[in-house]
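Read the figures in this text as sums done on the coordinates, not as results from a lab. In this text the structure is predicted, and so the values were computed from the model without any measurement. Cβ sites come from the backbone with ideal geometry, for glycine too, and all protein chains shown count toward neighbours.
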Amino acid sequence: MIPAVIDPLTGAVNGILPKRLLQPGEVVEVPSSGKAPYKVKRLAGRDEYRCTCPTYQCGCAGGTLVTSPNAPRTCRHLKDLLGEVYEEARVKLPLQLTMSPQKPGATSQTSSSSSTLLAAKRKRVASPPAANKSSSSSGSSYGPWTSSGPIEVMLAHTFDLKGSKSPVGMWASEKLDGVRAYWDGKSLWSRNQKKYLAPDWWTKRLPKNVRLDGELFIKRDYFDTTSGEVRGGGDWSKMSYAVFDVVDFEKTLEERWAVARKVCVDGEMSVDQLIKRGRPCIAFLEQVKITSMEQMEGMLANVESLGGEGLMLRRSASYYKKGRSNDVLKVKTFYDAEGTVIGYKAGTGRNEGRVGAIKVEMACGLVFDCGTGLSDHDREYPPPLGSIVKYSFQELYPSGAPRFPAYKGIAIDKDEPRDAVVRSAAIRAAAAAKKGGGGAILIQ
């Protein structure tokens, strides 16, 4: 019997080529019957694919229910994109083959030398700029400074403060509480690829031949106001652009930063310097090399004590990639609290006919909706009214409501709700008392 093989360079299964070769980690949008498209993704480092459509999520491969969550499965979107014949061959592959692809002609008993060769081939396939092709059906690519218009910017994963990974050797900067903005040489764009209406007097200080990635920023704990000014074409008289990268898929991080330092007219600045300047600055955001976990934790504590969001870590010598990447990590303190379930919000889309979110009342009396973190079982059988539930969140809005709350489960050991002690709430209260306002909400 001829062993099943996958060619790591072409993606061919037993000699059958896919209609379209997706790079590891690449995401492609495909049409759906609703307003939002479905997304097809090739998993990084694996010859396995995922689709967000209900057929795939229910675990149906060739009409057969898949019992293993990692077993190959398919749907009509994958068949349309990759080819029906290719998909029929792929879903019949042994599970270990899709998890650990072999080089052509090898069996699952791969030698150490062939494993090294395969790793080298994969490295060449994923090297810049080929791995950074557009995920749109047009197949266009993002080369350095070749065209204007929006792109899919690089996004961060979360650094686990309680995990085993070390930040040593990475670069750290303060995570700004501002609005993400990409400069294409002519216009500013949001991460959702919408154009910002920045005034001409403001944009004339930006370079015309370099594409920048950064944050529109006024001051800490000021996101709502900053966002409102940007979205409404409002007052840009104190709006700074803190640049943290250059969009060039062929240069390493440090090479891109060398360009950024040259083109930012106000040079390199810390967050405190941006705030104190009190006028629009086009500046490269100060970066610090991490030498120990203790150093990073100290930086995080200091930033949070000033009302900042947290830290951003960037991997040395890494390349710019579209979408989420482990070369960029956000470091934030997550708060835990308990609240009382007082109602439910009906779901829409895939959650139609079941709970979309639970209404949670905080100990201080504020009510918010919490849908993130609810499993399919939770949506079918939500926590009972009156039950105490645990949730986590990243920060508090000025109103006192949690930002990005996530449901954690029923707090069976709690009889009463408990609010978290949040640094920003104390900072706001102190600032209001200093001004004589006294109207801030302090969550105890």
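Can you grab the distance from the C-alpha centre of the stretch 214-280 to the C-alpha centre of the stretch 177-198, Å, no decimals?
Value for the Cα centre distance between the two parts: 11 Å.
Suppose we keep just the alpha-carbon trace of the stretch 154-331; what are its Rg and Dmax in angstrom?
Rg, Dmax (Cα atoms, Å): 15.6, 48.
Stick to Cα atoms and the Kirkwood definition of Rh, then tell me Rg/Rh for the stretch 332-377. Please report the intermediate quantities before stating the final value.
Numbers: Rg = 12.0 Å, Rh = 11.7 Å.
So for the stretch 332-377, dividing Rg by the Kirkwood Rh gives 1.03.
With θ taken as phi - 60° and the coefficients 6.51, -1.76 and 1.60, list the Karplus ³J(HN,Hα) couplings across the stretch 395-404 in order, rounded to whole Hz; mark glycine and proline as x.
Rounded to whole hertz, the list is 6, 10, 6, x, 6, x, 7, x, 9, 6.
Taking neighbour counts of Cβ atoms within 10 Å as a proxy for exposure, in what order, fewest first, do 170, 293 appear? Please report the intermediate quantities before stating the final value.
Numbers: 170 23, 293 13.
If I rank by nearby Cβ atoms, fewest first, I get 293, 170.
When all alpha-carbon pairs of the stretch 229-298 are counted, what percent fall beyond 19 Å?
Working: 1172 of 2415 pairs.
That fraction is 49 percent.
Take the Cα of residue 235, step 7 Å along the line toward its Cβ, and report every residue of the stretch 264-307 whose backbone nitrogen sits under 18 Å from that point.
Answer for this model: 275-281.
Take 378, 177, 336 and order them by how many other Cβ atoms sit within 10 Å, fewest up front.
Values: 378 18, 177 23, 336 12.
In order of increasing Cβ crowding within 10 Å: 336, 378, 177.
Exposure proxy check: 370, 264 ranked by fewest other beta carbons within 10 Å? Kindly include the intermediate steps, with their values, before the conclusion.
Numbers: 370 22, 264 25.
Final ranking by Cβ density, sparse to dense: 370, 264.
Does the stretch 335-435 come out rounded, prolate or oblate, given a ≥ b ≥ c as the square roots of the eigenvalues of its C-alpha gyration tensor, rounded meaning a/c under 1.5 and, failing that, prolate meaning a/b above b/c? Don't skip to the end; give the middle numbers.
Numbers: a/c = 2.60, a/b = 1.86, b/c = 1.40.
It comes out prolate by the Cα gyration axes.
Which loop GluC sites (Glu not before Pro) in the stretch 320-424, with loop taken from DSSP, have no more than 15 other Cβ atoms within 10 angstrom of their Cβ?
Working: sites: 338, 352, 361, 380, 395; in loops: 352.
Hits after loop and neighbour filter: 352.
List the chymotrypsin sites (Phe, Trp or Tyr not before Pro) in the stretch 297-361 that DSSP assigns to loop (not H, G, I, E or B) and whose Cβ has at most 16 other Cβ atoms within 10 Å. Which are they? Don't skip to the answer; put the middle values down first.
Details: sites: 319, 320, 334, 335, 344; in loops: 320, 334.
Of the chymotrypsin sites (Phe, Trp or Tyr not before Pro), the ones in loops of the stretch 297-361 whose Cβ has at most 16 other Cβ atoms within 10 Å are 334.
For the stretch 172-273, what Kirkwood radius comes out of the mean inverse Cα-Cα distance, in Å? Kindly include the intermediate steps, with their values, before the conclusion.
Values: mean 1/r = 0.0714 Å⁻¹.
About 14.0 Å, per the Kirkwood formula over Cα pairs.
What lysines does residue 238 reach when the alpha-carbon gap must be under 16 Å and sequence neighbours fewer than 8 apart in one chain are set aside?
Cross-link targets: 204, 219, 276.
Over the stretch 154-331, what is the relative contact order in percent, taking alpha-carbon pairs closer than 8 angstrom and at least six residues apart? Walk me through the numbers before you get to the answer.
On the way: 368 pairs, mean separation 61.2, N = 178.
Relative contact order comes out at 34 percent.
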